[in-house]
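**Student:** Let me begin by handing over the structure; questions about it come next.
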Amino acid sequence: MKRLLSSTLFALLFLVTSTLSAQDVRTISLQEAIDIALENNYQLKQAENNLALSNENIKSEYADFAPSITSSLSGSRSTGQQFIADRLSEPGLNPFVDVTSQSFSGRLSANLTIFDGFNNINSLRASEQSKLSSEESLQRAREQVIFNAASRYLQVLLDGQLLEIAQENLENSQQQLEQVTAQVEVGSRPSVDLYNQEAQVAADELSVTQQENSLKFSKLVLVRQLQIDPLGNYEFVVPETQTEVREAENMNYSLSELIDQAILNRSDLKSEIADIRVLEYQLDIAKGSLYPSVSASASVSSRYSDQYSLPGEGNVGFNDQFFDQQVNRSLGLSVNIPIFQNWNRMFNIQSSKIQLKNAELSFDNSKLQVIQEVTQAYNDYTSYIKQLQASEKSRRASERAFETQQERYNVGSSTLIELSQAQASYVEAQSNYTQAMYNLIFQEKLLDYYLGKLSGDSVEF
């Protein structure tokens, strides 16, 4: 009785656990996967922080156009002895007298740069270009995240399709095994057919196991790309795909037109152009150090001392001193003319020119890289279209051949070896067609990525 009760409790526990596990499955679509990746990606967050830093730098450059205002307050108290010679003539008087004095001073000053060789303006423009570079870098980082998420998602779908093909093939082999078993039992087929078919079923079971492992691995890679809980239970939705061979949107353009689009739209190229502009302004800043600088200043100061006195009036009060008699005002204009600084300014100018030249060379190399990427992606894309066309024909032909061999085997006109070969050819053709279809979809997304067309708003297969 106890054993029966334990078994029942275990069964109930297993049922509840299975139900809860099924409820914990999280369904993720392609667009949801992309949104999750965009939200969680660490490199993308760093790019966003760099953009925020660029905004703060621009604010700082604007602040340099405003005058600088400083104020200072100070006070002191001193104690000591003062020698008074007149007290020597009076007997009994100490000529050293304890003296305590207090003083207070305040100053308010302002300084405004009138001309500094256009350094402030060039620094502001450089910061604006740096912000533009950060914006384009952020966009390219978004495109990279979108492409990686979409390609990993696509791999999961491909492995899922290949698993279904392997499972379907296993079911066909198992049904064939049942048929062969019955035929061997009645003596219409030799025993070797049974052994061969059992071996075929075992091989197909192995293929299913291997494909299941491939699917698990591709899901793990996708989960890592999305940066979500790796121990979670996820189901990835198969989107509507165009399974037939089609001329896609990109094929409406020539290769030269696509290259022009890429050079015009690529965020990484735009970022490099902005970086070049930054270096141009930095060169202007270095040249500006050769110009004189002009600045204006104004200040007002005052002080108070309890030792301050006027002839015939004695000590003067705080208000009379600090707000009237001790007030000093000044206005100034200064010109600073650079004459010689150990050739450092010329060295800085030459260094800026070299950095600018290197950036321009790097940009030229990047354009060549873009041309190579787009050209190769375009060639692969056109090739995959032809491969899909060919694999479709092969799949249909192999399906008809397999069906024909099944009919012939059932009536005894074909051998098991011939049937197995036809089945293997059909499975291979199915796999090749599926692989070709997903290769074309992947290449289409890759070409969009190289063209700078992945926005993340709507990515479809």
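The values are calculated or read from the model by the stated rules, or taken from the named source; none is laboratory data. Model, not experiment: these values are computed from the prediction. Note that each Cβ is placed from the backbone with ideal geometry, even for glycine, and that neighbours are counted across all protein chains shown.
**Student:** On the basis of being closer than 26 Å to residue 160 by Cα and at pLDDT 90 or above, does residue 212 make the cut? Lay out the reasoning, then the answer.
**Tutor:** Working: closer than 26 Å to residue 160 by Cα: yes; at pLDDT 90 or above: yes.
Here the answer is yes, as residue 212 does meet what is asked.
**Student:** Given the criterion modelled with pLDDT under 75 and not in a strand (DSSP E or B), identify the matching residue among 98, 86. Full working, then the answer.
**Tutor:** On the way: 98 fails: not in a strand (DSSP E or B).
Going through 98, 86 in turn, just one is modelled with pLDDT under 75 and not in a strand (DSSP E or B): 86.
**Student:** A follow-up question, please. For segment 62-77, which positions are in a strand (DSSP E or B) and closer than 18 Å to residue 109 by Cβ?
**Tutor:** From segment 62-77, those in a strand (DSSP E or B) are 68-77; that's our starting set.
The answer is 68, 69, 70, 71, 72, 73, 74.
**Student:** Taking residue 388 as the residue in question, decide whether it is assigned by TED's automatic domain parsing to the domain that holds residue 259, farther than 30 Å from residue 254 by Cα, buried (at least 16 other Cβ atoms within 10 Å of the Cβ) and not polar (S, T, N, Q). First the steps, then the outcome.
**Tutor:** Numbers: assigned by TED's automatic domain parsing to the domain that holds residue 259: yes; farther than 30 Å from residue 254 by Cα: no; buried (at least 16 other Cβ atoms within 10 Å of the Cβ): yes; not polar (S, T, N, Q): yes.
When the stated conditions are applied, residue 388 does not pass them.
**Student:** Which pairs do you get when a residue that is within 17 Å of residue 179 (Cβ to Cβ), found in segment 406-429, comes within reach of a residue that is assigned to a helix (DSSP H, G or I) and β-branched (Val, Ile, Thr), reach meaning Cβ atoms under 9 angstrom, with the pair 6+ apart or on two chains?
**Tutor:** Pairs that qualify, where the first residue is within 17 Å of residue 179 (Cβ to Cβ) and the partner is assigned to a helix (DSSP H, G or I) and β-branched (Val, Ile, Thr), are 414/404; 416/180; 416/192; 422/404.
**Student:** Same structure again: Taking residue 214, is it farther than 17 Å from residue 405 by Cα and under 54 Å from the mean Cα position of the chain (by Cα)? Step through it out loud before you land on a result.
**Tutor:** On the way: farther than 17 Å from residue 405 by Cα: yes; under 54 Å from the mean Cα position of the chain (by Cα): yes.
Here the answer is yes, as residue 214 does meet what is asked.
**Student:** Still on this structure: I need every pair where a residue in segment 193-211 that is within 19 Å of residue 431 (Cβ to Cβ) has its Cβ under 8 Å from the Cβ of a residue that is polar (S, T, N, Q) and surrounded by 17 or more Cβ atoms within 10 Å (Cβ to Cβ), sequence separation at least 6 or different chains.
**Tutor:** 200/173; 200/176; 200/420; 201/173; 204/169; 204/173; 207/169
**Student:** Sort out which residues of segment 121-139 are hydrophobic (A, V, I, L, M, F, W, C) and either in contact with a helix residue (DSSP H, G or I) (Cβ under 7 Å, 6 or more places away or on another chain) or not in a helix (DSSP H, G or I) (or both), and write them in order of number.
**Tutor:** Passing the criteria: 124, 126, 132, 138.
Yes or no, residue by residue, for (1) at pLDDT 95 or above; (2) out of contact with any Phe, Trp or Tyr (no Cβ under 8 Å at 6 or more places or on another chain); (3) more than 30 Å from residue 51 (Cα to Cα):
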site: 275; (1), (2), (3): yes, yes, no
site: 287; (1), (2), (3): no, yes, no
site: 290; (1), (2), (3): no, yes, yes
site: 298; (1), (2), (3): no, yes, yes
site: 303; (1), (2), (3): no, no, yes
site: 307; (1), (2), (3): no, yes, yes
site: 316; (1), (2), (3): no, no, yes
site: 324; (1), (2), (3): no, yes, yes
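**Student:** All but one of (1) exposed (fewer than 13 other Cβ atoms within 10 Å of the Cβ); (2) at pLDDT below 95; (3) over 30 Å from residue 297 (Cβ atoms) hold for residue 372; which doesn't?
**Tutor:** Among (1) exposed (fewer than 13 other Cβ atoms within 10 Å of the Cβ); (2) at pLDDT below 95; (3) over 30 Å from residue 297 (Cβ atoms), residue 372 violates only (2).
**Student:** Return the only residue of 54, 18 being modelled with pLDDT of 75 or more and either in a helix (DSSP H, G or I) or hydrophobic (A, V, I, L, M, F, W, C) (or both).
**Tutor:** Numbers: 18 fails: modelled with pLDDT of 75 or more.
Matching residue, one of 54, 18: 54.
**Student:** Just the residues that are among the hydroxyl-bearing types (Ser, Thr, Tyr) and surrounded by fewer than 18 Cβ atoms within 10 Å (Cβ to Cβ), please, taken from segment 426-456. Lay out the reasoning, then the answer.
**Tutor:** So the first thing to find is which residues in segment 426-456 are among the hydroxyl-bearing types (Ser, Thr, Tyr), and the list is 426, 431, 433-434, 438, 449-450, 455.
Residue satisfying the conditions is 455 alone.
**Student:** Same structure, new question: Could you tell me whether residue 360 is acidic (Asp, Glu), within 26 Å of residue 204 (Cβ to Cβ) and part of a helix (DSSP H, G or I)? Step through it out loud before you land on a result.
**Tutor:** On the way: acidic (Asp, Glu): yes; within 26 Å of residue 204 (Cβ to Cβ): no; part of a helix (DSSP H, G or I): yes.
Considered against the rule, which asks whether it is acidic (Asp, Glu), within 26 Å of residue 204 (Cβ to Cβ) and part of a helix (DSSP H, G or I), residue 360 comes out as no.
**Student:** Here's something else I'd like to know. Kindly establish whether residue 151 is within 18 Å of the chain's Cα centre (by Cα), within 28 Å of residue 428 (Cβ to Cβ) and in a helix (DSSP H, G or I). Even if it seems obvious, please write down each step before you answer.
**Tutor:** Values: within 18 Å of the chain's Cα centre (by Cα): yes; within 28 Å of residue 428 (Cβ to Cβ): yes; in a helix (DSSP H, G or I): yes.
Judged against the criteria, residue 151 is a match.
**Student:** Where the second residue is surrounded by 10 or more Cβ atoms within 10 Å (Cβ to Cβ) and among the hydrophobic types (A, V, I, L, M, F, W, C) and the first is touching a residue at least 24 places away in the same chain (Cβ under 8 Å) and closer than 14 Å to residue 297 by Cα and lies in segment 322-334, which pairs have Cβ atoms under 6 Å and are six or more apart or on separate chains?
**Tutor:** The qualifying pairs are 329/300; 331/298; 333/296.
**Student:** Regarding residue 179, is this residue surrounded by 14 or more Cβ atoms within 10 Å (Cβ to Cβ), of a type outside the set (Lys, Arg), in contact with a helix residue (DSSP H, G or I) (Cβ under 7 Å, 6 or more places away or on another chain) and assigned to a helix (DSSP H, G or I)?
**Tutor:** So residue 179 does not fit the description; no.
**Student:** Across segment 316-352, what is the total count of residues that are of a type in the set (A, V, I, L, M, F, W, C) and within 30 Å of residue 282 (Cα to Cα)?
**Tutor:** As a first pass, look at segment 316-352 and keep what is of a type in the set (A, V, I, L, M, F, W, C): 316, 318, 322-323, 327, 331, 333, 335, 337, 339-340, 343, 346-347, 349.
Then keep just the ones that are within 30 Å of residue 282 (Cα to Cα); that gives 333, 335, 337, 339-340, 343, 346-347, 349.
Selection size over segment 316-352: 9.
**Student:** Which numbered condition trips up residue 237, out of (1) at pLDDT 90 or above; (2) within 21 Å of residue 150 (Cα to Cα); (3) of a type in the set (A, V, I, L, M, F, W, C)?
**Tutor:** Exception for residue 237: condition (1).
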